[in-house]
1. Looking at the stretch 32-55, is at least one residue farther than 26 Å from Asn3 by Cα and among the aromatic types (Phe, Trp, Tyr)?
2. Taking the stretch 61-86, which residues are touching a residue at least 40 places away in the same chain (Cβ under 8 Å) and surrounded by fewer than 18 Cβ atoms within 10 Å (Cβ to Cβ)?
3. Tell me the strands (runs of 3 or more DSSP E) entirely within the stretch 8-111 that contain at least 1 residues that are within 12 Å of the ligand (Cβ to nearest atom) and in contact with a helix residue (DSSP H, G or I) (Cβ under 7 Å, 6 or more places away or on another chain).
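Only the coordinates and a few stated rules stand behind these numbers; no lab work does. Please read these numbers as outputs of a predicted model, since none were measured by experiment. Please note: Cβ atoms are built from the backbone with ideal geometry, for glycine as well, and neighbour counts cover all protein chains shown.
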Amino acid sequence: MRNWIEIGNLSDIPLRGARCLETPAGRIAVFRTAADEVYAIEDRCPHKGGPLSQGIVHGTGVTCPLHNWVMSLETGEALGADEGAVRTFDLKRDGDRIFIDAAATAVAAAE
Ligand code: FES
C-alpha cells in the first residue's frame, strides 16, 4: 500500500514552472505543465547538475537552464541527442491537492 504525503496545491505552482521539495531522496522539482499536469523529477540535470526547476517547461519536457538539454518529465530521460536521465517520482492529484509517493522518495534515498 502506498503512503501518499500531501505536498501542496496545484495553484501554488506557477504555470509551466516548478516548486521544489526537500526530501530524503534529495531535492525534487514538481512541475506544472500548460495542460495542468504535474510531474516530479530530481532537480539535478544529469549533464552538470543544473537546477531543472528553473528551466522552461514546454509540453511534457523541461529545458535545463544551463546548457539547454531537454528532459522528459514523463520518463526522466534526456531527449534528442543527449544521453542521461533523472529519477522520476509518482504523484497523485485530488482536485487542487498534490501528493507524492513517500515510499518512492525513501527508496530513492537508500539507493
Ligand atoms: S547542466 Fe543541464 S544541460 Fe548542462
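1. The answer is no, given that none of the residues of the stretch 32-55 is farther than 26 Å from Asn3 by Cα and among the aromatic types (Phe, Trp, Tyr).
2. none
3. In the stretch 8-111, the matching strands (runs of 3 or more DSSP E) lie at 61-63, 70-72.
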